[in-house]
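Reading through the structure tokens given below for one structure.
A short reminder: the numbers here are calculations on the coordinates, not readings from a lab. In this text the structure is predicted, and so the values were computed from the model without any measurement. Cβ placement follows ideal geometry from the backbone for every residue including glycine, while neighbour counts extend to all protein chains displayed.
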Amino acid sequence: MKKICILGNSHVGSLKRAWDELKQSSVGKDFEITFFAERGDLLKSLTADNKMLVTDNMRVKQSLAFTSGGVSHVNTNEYDIFLIYGSQLLPFWLYDDAFYSLEFIERSIQEHLEGSQAKHLLTELRKATNKEIFLGHDPMLTQKSSCPQYTVKNYNVGMEKLNSYLAKNYNAKAIKQSEITLENKNICETDIAYLKNSRRLAIGFNNDNEIHPKDDLQHMNDDFGSIWISNFFEKLYL
């Protein structure tokens, strides 16, 4: 059985609740998942200490203990695979019919990652372990948003370049969002159905699992989380 450690921000909520259901089914039979999550970007307080990720922030310690089931630090010796989910990692797009120099692409990716919690966690985690690390970006927004419309081709080209950069610099890989979750298979917009009844990450607060406001276009529901985890498992089998 593969032991997976998932770290991230509030987006982890949909994956965690989905896993609570999936682990009882055949989908989860080969895996054991431990979650270490906190809202916002407070996981930036985690730093590598030998083979562990630790923090002095008491709130983060409490959130980690709550989401993991009692552990307030990450001991990399205890897991086989690591996933950093959400954490301000955005999808990366490039136009498929344009020429980009290698220098331009690398600089663009560096700027894309700079300052994100995902980059911080990846950097610190790689200091602590040589094991497999995957990343999952924030969900694409829905059609209600005013963001530019990128095509799936733009997304595939961009993510291919991002993965080349991650492999070269961190020996890591980003997992793409499943096309099943898109409103239109050609446009990078999450189907609005996956916004319905999305809930806050539970970290031991009074508003745990509270429904997000209707104008929240970023957090997805448990159905989205189920699809994402199932897709991730399929990638691990390949």
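For this structure, a couple of remarks:
- Each residue of the range 131-140 is assigned a 3J(HN,Hα), and the resulting list reads 6, 5, 10, 10, 10, x, 6, 3, x, 5 Hz, derived from the Karplus form 6.51 cos²θ - 1.76 cosθ + 1.60 (θ = phi - 60°), x at Gly and Pro.
- Label-point gap, in nm, between ASP80 and TYR237 - each point 7 angstrom along Cα→Cβ: 1.5 nm
- In terms of packing, defined here as the mean over residues of other Cβ atoms within 10 angstrom, the peptides 31-37, 98-104, 85-91, 207-213 line up highest first as 85-91, 31-37, 207-213, 98-104.
- Amide H contacts of LEU182 (H built 1.01 Å from N, under 5 Å, at least 5 apart or other chain): ASP191
- Net length gained if the chain between ASN171 and LEU90 were fully extended (0.36 nm per residue, minus Cα distance): 27.3 nm
- Contact order normalised by residue count of the chain, Cα under 8 Å, 6+ apart, percent: 24 percent
- Computed log₁₀ I(q)/I(0) - Debye formula, equal Cα scatterers, no solvent, the range 2-237, q 0.08, 0.09, 0.13 Å⁻¹: -0.28, -0.36, -0.77
- Which listed pairs, of LYS16/LYS51; LYS44/LYS127; LYS61/LYS173; LYS51/LYS235; LYS16/LYS127, have C-alpha distances above 19 Å, in listed order: LYS16/LYS51; LYS61/LYS173; LYS51/LYS235; LYS16/LYS127
- Modelled this way, with points 7 Å down the Cα-to-C-beta line, the labels at GLN24 and ASN209 are 1.3 nm from one another.
- DSSP bridge orientation in the chain - percent antiparallel, rounded to nearest 5: 30 percent
- Note, ³J(HN,Hα) from phi for the range 38-52, Karplus 6.51, -1.76, 1.60, rounded to Hz, x at Gly and Pro: 7, 6, x, 10, 5, 6, 5, 7, 6, 9, 6, 9, 6, 9, 10
- The label-point distance for ASN156 and ASN197, in a model that sets each label 7 Å from Cα toward Cβ, rounds to 3.4 nm.
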